[in-house]
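The values are calculated or read from the model by the stated rules, or taken from the named source; none is laboratory data. The structure displayed is predicted, hence computed values, not measured ones. No Cβ is skipped: glycine too gets one built from the backbone with ideal geometry, and neighbour counts run over all protein chains shown.
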Amino acid sequence: MVENQKLPAKKIIYKKERVLDATSIFPVFFKRYHIASEWKLLFKDNKGFKEFLHDIEKNGVIDRNILNINLQKKINHVKSWSNFFRWLIKKTEAKMVAGICYYSNAMYGLNLAAHQLNIKSADMQHGAQGNMHIAYNFNKIPDNGYNILPKYFWVWDFESKNHLENIFKSQNFHKVVLKGNPWFNFIKENSSKLSIRENKPLILISVQPLREILNTNIYEIIRSTANMYAWWIRLHPRMSKTETANFISELKFNQVYDKINIKEASNLPLPIILQNAKLHISKYSGTISEAAMMQVPSLIIDEIGTKTYDNLIEKGIAYNGLNLTSALIEKIISEK
C-alpha cells in the first residue's frame, strides 16, 4: 500500500506496517526536466493547438504563459513520480499496480512506470463514471493507447463497463473489466459481525464537501419526520475539520443535530449501513451507485446528480428528488 499524500499522525491506519508514506521518499527521486522545447513543438504546424490557446484566453480560463509553466511543473512531477514507482516496482517485484483516481500526478507516474516496465496497471472504480465525469470521457485515443492512463479500468457495474468500452472501442490497449466492488463483497461475507438496531426505517444522507452541503428544505423535512424515521448523515471522508465543524453548526442552527445520527453514520462501513437502510439521499455522491448495488433506492437532490445517474432513474433504482417532500419519501419507502 502506497500513500502519495502525507499520512495523518493521529489517525489509526489499518496494518500500518505495510503502508508506505511515499511523500517521505519522493524528493529523492525528483528531477527537473527541461521541456520548454516541447512547448514550442506544439505550435509548429499545429493549428488546433493555437486555436485551443486562443479560446481559453478569450474565455478568461488561463493565460497561455501560466498554462505553459503549470504544464511543465506537472510533467516534471509525473516523470519524477514515474522514477519513484519504477524503483518501488523493481524493489518489490510487483506484477501489477492498482490506483484509485488515476488522474493525479502521482497516479500518472504510477501508470507510466507500469507501462515502461511492461506490467499491468488498473484504475479501480470509486464512484460514478459516465457522461458527466470528465476523467472518463475521451475524444481521441491513440492506437497504442496513452502511456499515463491505466491498462485496465476495473468497474463495478454494466453501465460503467458499456460507457468505457464504447470510448475505447477504436484501440486494443486500454481494457475494461467488470469485477464489482470488492469492499462490498468483503463486507457482505462478514456482515454478521456488525449490526444496526433501529426501531424506525433508516434513511441515510450522504453529503459532499460542497459550498451548500444540504438544501435548506431538507432540514424542515427531518424536523417534521424525526418521529417516523431514523435519520443518519454520513460525512464525506475528504471533509476538513473546518468544513465538518461548520456543517455541524448548520445542523444545530436548523435544529436537527439532536435528531440525526452522524457518528455511526460516518464511521460504520457503508455496506453495513446500506444493508439496513430503507432509503438513501444524496446530491451526486458515488454512494448512489453503491446504494443501487445493495438494491436501496436513492433520492437524488441535485441536477448534476439527476444527469449523472439518469440510467438509474430510468431503471427505477433512483428517483428525481429535486422537489423533495416528506410525501415523496413516504411513497418510496412504502413501495415494495
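Taking the residues in segment 220-235 that are of a type outside the set (A, V, I, L, M) and buried (at least 18 other Cβ atoms within 10 Å of the Cβ) as candidates, determine which candidate is farthest from Ser334 (Cα to Cα).
Quick first cut of segment 220-235, residues of a type outside the set (A, V, I, L, M) only: 220, 223-225, 227, 229, 231-232, 234.
Now restrict to residues that are buried (at least 18 other Cβ atoms within 10 Å of the Cβ): 229, 231-232, 234.
Numbers: Tyr229: 12, Trp231: 16, Trp232: 19, Arg234: 23 Å.
This residue is Arg234.
Only residues that are assigned to a loop (DSSP other than H, G, I, E, B) and either touching a strand residue (DSSP E or B) at 6+ places or on another chain (Cβ under 9 Å) or modelled with pLDDT under 90 (or both): list them for segment 217-234, please. Talk me through it step by step, then tell me what you get.
Here is the first cut: in segment 217-234, the residues assigned to a loop (DSSP other than H, G, I, E, B) are 226-229.
Passing the criteria: Ala226, Tyr229.
Regarding Ile281, is this residue under 19 Å from Thr225 (Cβ atoms), assigned by TED's automatic domain parsing to the domain that holds Leu214, of a type in the set (Val, Ile, Thr) and out of contact with any Lys or Arg (no Cβ under 8 Å at 6 or more places or on another chain)?
On the way: under 19 Å from Thr225 (Cβ atoms): yes; assigned by TED's automatic domain parsing to the domain that holds Leu214: yes; of a type in the set (Val, Ile, Thr): yes; out of contact with any Lys or Arg (no Cβ under 8 Å at 6 or more places or on another chain): yes.
For Ile281, the condition - under 19 Å from Thr225 (Cβ atoms), assigned by TED's automatic domain parsing to the domain that holds Leu214, of a type in the set (Val, Ile, Thr) and out of contact with any Lys or Arg (no Cβ under 8 Å at 6 or more places or on another chain) - is met.
For segment 291-307, how many residues meet the condition of being surrounded by fewer than 24 Cβ atoms within 10 Å (Cβ to Cβ) and assigned to a helix (DSSP H, G or I)?
Total satisfying the criteria: 6.
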Practice task
Quick one: count up the residues across segment 20-61 that are surrounded by 10 or more Cβ atoms within 10 Å (Cβ to Cβ), at pLDDT 90 or above and within 30 Å of Glu3 (Cβ to Cβ).
Solution key: 10
Completion exercise
With the first residue restricted to segment 55-71 and required to be closer than 23 Å to Arg32 by Cβ and in the same structural domain as Glu38 (by TED's automatic domain parsing), and the second required to be in a loop (DSSP other than H, G, I, E, B) and of a type outside the set (Ser, Thr, Tyr), Cβ contacts under 9 Å at 6 or more apart or on different chains are Leu67/Val61; Asn70/Ile62; Leu71/Ile35
Problem - Conditions (1) under 27 Å from the mean Cα position of the chain (by Cα); (2) exposed (fewer than 14 other Cβ atoms within 10 Å of the Cβ); (3) part of a helix (DSSP H, G or I); number of the one not met by Lys11 - result: (3)
